[in-house]
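Worksheet for the structure shown next.
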Amino acid sequence: MNLDPEASMAAPKSPTSPLVSFFYNIRWLSTALMVALILGAIASGGKRLGKFSASVAGLGGDKEAAASAPPMVFDPSMDLWFGEGDRAVTTWYEIEDRFVAEDYIVIAIEAKDEEFGAFSRESLATIMRLTEQFLKVPGVRHVRSLTYNPWIRWGSIEDDLGSEEGLIISDLVEVDPNELTDEDIIERMVAILGAERTAERIGEARLRQVIGADADFADHIGEPLLLGTILNNPGDTSVIQVQVLRPRVDEERLIEEFNGDEAAKQIAPTLYSVAQQRQSLVGLEHLLRIEQGLAVPSAQYADLLAYVEGIEDPDAQSAAGLELIDPRFNSMAGADGVELQKYDEYAERGGILVNIASGEPAPPGFTPEARSPFSYRIAGSPLFERNFEVVGMGDSKFIPLMFLVIMALLYLVFRNLAGVLVPMAVVFGSILIMVFGNFAKGDLMNNLTMMSPNMLTAVGIADAIHLVASWAALRPKFDNKKDLIMEVMQRNALPVLLTSLTTAVGFYSLTVSHLVPVQMLGTMASFGTVMAYVLSMTMVPALLSLIPHHKTQDEAKHSMVAEFFSIPRSTRFVALILGNRGKVLAGAFALVVISFAGVSRVEIDSDFRAMFPDNNPTMTAFKWVEARMGGVGDLEMVFSGPQASGTAAPSALSADEEPRLAKLQLRRVGQLQHPDEFEPLSQEEQSELQALTAKFDAWNARRIGVSTEFLATLGKFEQRLRNEMAVPTSDLAIVTDFISPLDTLRKINQVQNKNKASAYRVPRESDVGPELREPRLYFDEWSEQWAMTPGQSGANLIAQYYLQYESGARPGESLTTQLSADRMQFRVQGRIEQATSMDHLRAINRIQAIALEEFPSISGTIDADSDTHGSVADMTLSGKTLLFARTSDLFATGFLQSMSIALLAITLLIGIVFRSVRLALISLIPNLLPIMLPLSVFGLLGVPLDGPAILVSSVALGVCVDDTIHFFTKYARGRRNGYAPQEALVQTMHESGAAMTITTVILVIGFGTLLLSDFSPNFQMGALAGVMIALAWLFDFVVTMAVLSFAGSYNVTVKVPAKAEAAAA
Amino acid sequence: MMKYTLLQVLLMLLAGPLVADEVANTSGVEFPPVPTFNSADAAAHGLQIATYAEQRDAGWKDEVAQGTMTLYAADGDSVRRTFSRMIYERPGEGDKLLIQFQSPAEIRGVSALTHENSGSSDDNWLYLPANKRVRRISGANNTASFQGTEFTYEDLSNIDPAEYEWRFMEETTLERDGAILPVLKLDAKPTYKDTGYSHIVVYYSREHFRQERIEYYDKAGVKLKVRDTSEWQLMHGRFWRSYLITMENLQTAKRTTLEQSKVFLNLSLYTSSRTGEARPNLTEELFTTRAMQK
């Protein structure tokens, strides 16, 4: 085989540098060191991973979980993508800290064919059954469903002493739904749907039998808090909303487990909470499968049951009993300690039912016996996150395939085992060091770094191929192995070093990104590239010296590729290019212009819906749920009491000051009303009263949660947004709904006013009558002291309504998830549909604009310093949806930065190595054009690019430069050896054409395996990289050649050699 | 598990009778005799302990106290409310209870009245001074939070031994203020419907049969909350009252503390600062909706 035509024409032996002979002599030692390094990386990375995984699994204190924890390789948490902390990010973490860290999983149930829709007895019974089961899944904090939600109303309360009107708080359905009469059902429909929608469903006549012939529909508005959230407007699809905690790990526990390991302390809590949340999700899915008849007790279930029943120690028995019914895990240890499967679980795949664990088809005759006739869809961000992980991990299954294809290709080219094994050794070695080194460093893999093995394969093979190609070509010319191998090293050490460096620079430039996964990819891949070079220079000589030396050259194996770049063909080609170099350069210039125009129009946009294939079950369910219930994505608006910048937040009265103030106030009022009972305030006490009052007022001014002014303005803002949300063409049309404590206040105000529909509003200052505004003194018999009820205001009414609500709400329904205990932070939770990140950003920016322009007093626009009357609150927008949408921007700016840095570094490197400013500048054209052109196509066509896809540009740049460097090296050598520019070009093409072509093909195939990915950003990445690398190859032969001929020979007239002319003729 | 040294055991054996003798029982209510516990049957044994503990804390007639509840969020932020509380004991029927908030000022005067009904649901009323209305509240269920705290109504109502399936687990110890406290550990499964728990674990002090700690397990069987009762004071040489109760939610890291101060038990045993005579006991008329409106 002969890939290096140089071998056939030049004197085989170059003067050997002492460095090369040194490295040759220590090849076994250095190889041993490298093998030790690889094994060391595997050992330390593996050990750290194992210890870390056990520590994470055991964070909750479960020693058994810690012991049996599988190694955690993948970090699925979405926090990774949030970028570096600005206000939206810190607000997100503050929300987690201050309120409750939770996510919602929604299970939608459609009951279209039933007379009462979702209120049919069977539907209610199903919802009730599932609700009760879901509540028992560990990690579930709360469930809200049609049967399990607070039904707060005004009504008549019966007891032994007669009946009394009052507030009734109960679940909507408290009894067995099958015992409900039609009237009971219709009453509940009206309570949630309101009269109008109920009439649409069952007819007005039927409705009026229950609510009365002359009832005014306007008095029955339904339950705004539940409508659109757990029940759709037509009343036929309902949702069970499951609040799943991301459990906290307290700081002490973290320190105890990880001590000084900062990296682990950073990611462990998230991993732990994601893993716990994931288990809860598995539990919910298991229960749904039982409901659908898709999970049936296994053959061993009876054994397990008998074992549990036979345990004598009651504590052990109760623990085992819990384990048996725990839906999160489908196996448990039986009597002899062997893990037994509890259920056979089936899922539909490709139209048939298969056993999930074994992958085998369900036994013949198996038909699922569903407990109810309904179908279920499950959605929510935990599913979404899992989908990313499943698809991300799924991509790794293409790695073996990629290796097979590349090995086959290598064999085709080299026709011997060495040509296959040597490059593979370099590739495997460097991948192992890279991946395990990453683990040893304390990082895990993520969706982006999962692609680093593919990338490094391409790079490592390119390194090794140059060595093996030289070796194969020079082999017939040498009498002994030593000289041959030393010559191979001598010729390749520098060019391969250069190409490795430029590739590493390309990767490393990614670390300027603000996105952590991108930084990680940059670090990993650049480290891997350097390691691939080191392995090439140490292991390859050692491996090659194992191969017996033959001097024979089998002509039959002569490479087709090498023959293609024969001298005559090369000469003709160079003549052709140079003859048209004016046109070529004009064309290249035009392409540069077009590229710049196109690239400047590239839009980075991500759409989760489009990232997965159409049949992805998670996304199908998402779309289904969103079509009926509206958005599942979150949109957080957090309002906080205004604080003048640069000043300390006013503090609350201390535990001593509070009663002191109350006492002074009591005496001041008491002095006026009962002068003989109270001592007048001294001068000192008066100023103390003043000071305490001032301190209280300063603190109280920030408590927006009880401010009638803030709440009224917020109510208007919310209405303003709702009006715009209702316009289908508006940017806000993708926003579904908002909930906040405003809804709670409206509801409490309504029931406090005997269910009047008109009282469904936020309390106002005028709701507190003048007679209540004065303080009231009374003598308290039981403390034997005077006491005072202070004068009341709107703020008191609101504070007392909150208290009233919280006295009746289940912990999961309490205000703590929406309103901070000090009432200074007020959270409005919106829901937003899946859309492109640009649509998300447009909606968010629109909300921001409306707030700033039309509601400056609650959006922090008015400077609290200069205008203390104006600013009531600050507003911050946040939420996972927003943080994700912003990653597109981060990708775009990261792209510009890392491309600029890489380009600058590579151009400098070329300038230094070739000692030529001119060559460095020329190199910009073949380096930049292949990157810009494919990107510009997207820009010109107006097709948005996924964020991760554009990253590949920096990577491709590093790889494209390889070609240029090989081209320049050969050209410079030719010129140094006295060839005229044109002859040097012919030699260059002849010498490096084959190697460049083979490496290009292998790189394109390496990146091309990403085309098999189900995850569209990876697909785009593979496609772009492939096209860019192929273009780089093409441009080197066309554009670089034309440019070099100008640059290298201003005064040399182009003379086509006679031989070439003859051949062309 | 705590192991104690011989010296500690000796000290405990010596200290037990000494402490009991130290304060004379001036309450006029005798200690009920300790029954012979049936340690062969864990269920019966458990029920016996719980029943005896309840009997030991009966006969105090009425109680007036000042208190502070502090609600801690997961990040340590806290909010404080003070209240006064009156209880009228009705053995066998269910007590009557009036809680009135003192601070913060915005809720001063809010009062909650409860008539416990043994064997059926309680009657509740709430008075809001900002609209000067008393509202009867029905069905505010057992599992609802009490005023936004980590306590639910279920946690605050007395444990009725008849409403649980008991099981004696073991004799063990708890650490309290650096000292080791011998306790009886019982498992109790609620048999009533409206409960938030699969079971609770109650630790009674071996000596005084006080509830020292209760662990609450959620419906999934996962430990949800721990309530610790401490800073005990012996009133009238007969009844133990705790000055500090903390309830910690292990799943959300939120916490509520209830501190009591100025506890008066059986008012007739105190002298009025105004009249210089013995104070009258609370009467049932004070526990009506009219009395709430201040």
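The values are calculated or read from the model by the stated rules, or taken from the named source; none is laboratory data. Predicted model only: the values in this text are computed from it and were never measured. Cβ coordinates were reconstructed from backbone atoms using ideal geometry, including for glycine residues, and neighbour counts include every protein chain displayed. Surface accessibility is based on the protein's heavy atoms, side chains included, excluding ligands, DNA and RNA. Shrake-Rupley method; radii C 1.70, N 1.55, O 1.52, S 1.80 Å.
Worth a mention:
- Residue satisfying all of: in segment B:109-137; in contact with a Phe, Trp or Tyr (Cβ under 6 Å, 6 or more places away or on another chain) and not charged (D, E, K, R); farthest from residue A:157 (Cα to Cα) among these: B:110
- Test: residue in segment A:784-799 that is assigned to a loop (DSSP other than H, G, I, E, B) and more than 7 Å from chain B (Cβ to nearest Cβ): yes
- Residue within segment B:267-274 that is of a type in the set (Gly, Ala, Ser), buried (at least 18 other Cβ atoms within 10 Å of the Cβ), closer than 25 Å to residue B:82 by Cα and within 14 Å of another protein chain (Cβ to nearest Cβ) present: no
- Hey, residue A:238 of a type in the set (S, T, N, Q), surrounded by 14 or more Cβ atoms within 10 Å (Cβ to Cβ) and modelled with pLDDT of 90 or more or not: yes
- Residue A:658 open to solvent by less than 60 Å² (accessible area, probe 1.4 Å) and more than 30 Å from residue A:98 (Cα to Cα): no
- For segment B:126-137, the set of residues classified as open to solvent by less than 30 Å² (accessible area, probe 1.4 Å), within 8 Å of chain A (Cβ to nearest Cβ) and of a type outside the set (A, V, I, L, M) consists of B:129, B:131, B:135, B:136, listed by residue number.
- Scope segment B:77-113; condition among the hydroxyl-bearing types (Ser, Thr, Tyr) and within 11 Å of another protein chain (Cβ to nearest Cβ); matching residues: B:78, B:82, B:84, B:103, B:111
- Residue ID - least open to solvent (accessible area, probe 1.4 Å), chosen from residues in segment A:259-307 that are β-branched (Val, Ile, Thr) and closer than 24 Å to residue A:73 by Cβ: A:274
- Taken together, the residues in segment A:631-656 that are among the acidic types (Asp, Glu) and either closer than 30 Å to residue A:875 by Cα or in contact with a helix residue (DSSP H, G or I) (Cβ under 6 Å, 6 or more places away or on another chain) (or both) amount to 2.
- Close contacts from segment A:794-823, counting a first residue that is within 14 Å of residue A:703 (Cβ to Cβ) and a second that is open to solvent by 10 Å² or more (accessible area, probe 1.4 Å) and not acidic (Asp, Glu), with Cβ to Cβ under 6 Å and a gap of 6+ residues or different chains, come to A:794/A:708; A:820/A:98; A:821/B:71; A:821/B:73; A:821/B:79; A:822/B:79; A:823/A:703.
- On inspection, residue A:321 fails the criterion of being within 14 Å of another protein chain (Cβ to nearest Cβ), of a type in the set (Gly, Ala, Ser) and surrounded by 17 or more Cβ atoms within 10 Å (Cβ to Cβ).
- Among the candidates A:988, A:964, residue that is buried (at least 24 other Cβ atoms within 10 Å of the Cβ), without any contact (Cβ under 8 Å) to a residue 60 or more places away in the chain and part of a helix (DSSP H, G or I): A:988
- When residue A:476 is tested against (1) within 36 Å of the chain's Cα centre (by Cα); (2) farther than 28 Å from residue A:906 by Cβ, only condition (1) is not met.
- Each residue in segment A:293-315 was checked for being within 19 Å of residue A:108 (Cα to Cα) and in contact with a Lys or Arg (Cβ under 8 Å, 6 or more places away or on another chain), and 1 of them qualify.
- Condition met for residue A:969 (assigned to a helix (DSSP H, G or I), more than 32 Å from the chain's Cα centre (by Cα) and without any contact (Cβ under 8 Å) to a residue 40 or more places away in the chain): no
- The set of residues from segment B:139-192 being in contact (Cβ under 8 Å) with a residue 60 or more places away in the chain and under 30 Å from residue A:821 (Cα atoms) comprises B:147, B:148, B:149, B:150, B:151, B:155, B:158, B:159.
- Looking only at residues of segment A:819-831 that are among the hydrophobic types (A, V, I, L, M, F, W, C) and closer than 28 Å to residue A:151 by Cβ, we find that the one that is farthest from the other protein chains (Cβ to nearest Cβ) is A:828.
- Flag if residue A:911 is open to solvent by less than 10 Å² (accessible area, probe 1.4 Å), over 21 Å from residue A:603 (Cα atoms) and modelled with pLDDT of 85 or more: no
- Residue A:673 being within 23 Å of residue B:80 (Cβ to Cβ), surrounded by 13 or more Cβ atoms within 10 Å (Cβ to Cβ) and in contact with a strand residue (DSSP E or B) (Cβ under 8 Å, 6 or more places away or on another chain): no
- In the condition set (1) among the polar types (S, T, N, Q); (2) open to solvent by 10 Å² or more (accessible area, probe 1.4 Å); (3) within 21 Å of the chain's Cα centre (by Cα), residue A:888 is compliant with all but (2).
- When A:662, A:694, A:655, A:649 are checked against the criterion of being closer than 20 Å to residue B:103 by Cβ and in contact (Cβ under 8 Å) with a residue 40 or more places away in the chain, a single residue qualifies: A:662.
- When residues in segment A:972-985 are screened for being open to solvent by less than 10 Å² (accessible area, probe 1.4 Å) and either touching a Gly at 6+ places or on another chain (Cβ under 9 Å) or in contact (Cβ under 8 Å) with a residue 60 or more places away in the chain (or both), 3 of them pass.
Listed here are the residues, each with its yes/no results for (1) at pLDDT below 90; (2) out of contact with any helix residue (DSSP H, G or I) (no Cβ under 8 Å at 6 or more places or on another chain); (3) part of a loop (DSSP other than H, G, I, E, B); (4) closer than 30 Å to residue A:118 by Cα.
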residue	(1), (2), (3), (4)
A:307	no, no, no, no
A:316	yes, yes, no, no
A:319	yes, yes, no, no
A:344	no, yes, no, no
A:348	yes, yes, no, yes
A:359	yes, yes, yes, no
A:370	no, no, yes, yes
A:378	no, no, no, yes
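- Considering segment B:60-76, and only residues there that are over 20 Å from the mean Cα position of the chain (by Cα) and at the interface with another protein chain (Cβ under 7 Å from one of its Cβ atoms), the residue that is most open to solvent (accessible area, probe 1.4 Å) turns out to be B:75.
- Checked against the criterion of being within 8 Å of another protein chain (Cβ to nearest Cβ), surrounded by fewer than 20 Cβ atoms within 10 Å (Cβ to Cβ) and over 30 Å from residue B:272 (Cα atoms), segment A:744-764 contains not a single residue that satisfies it.
- Residue A:816 vs. criteria open to solvent by 10 Å² or more (accessible area, probe 1.4 Å) and within 14 Å of chain B (Cβ to nearest Cβ): yes
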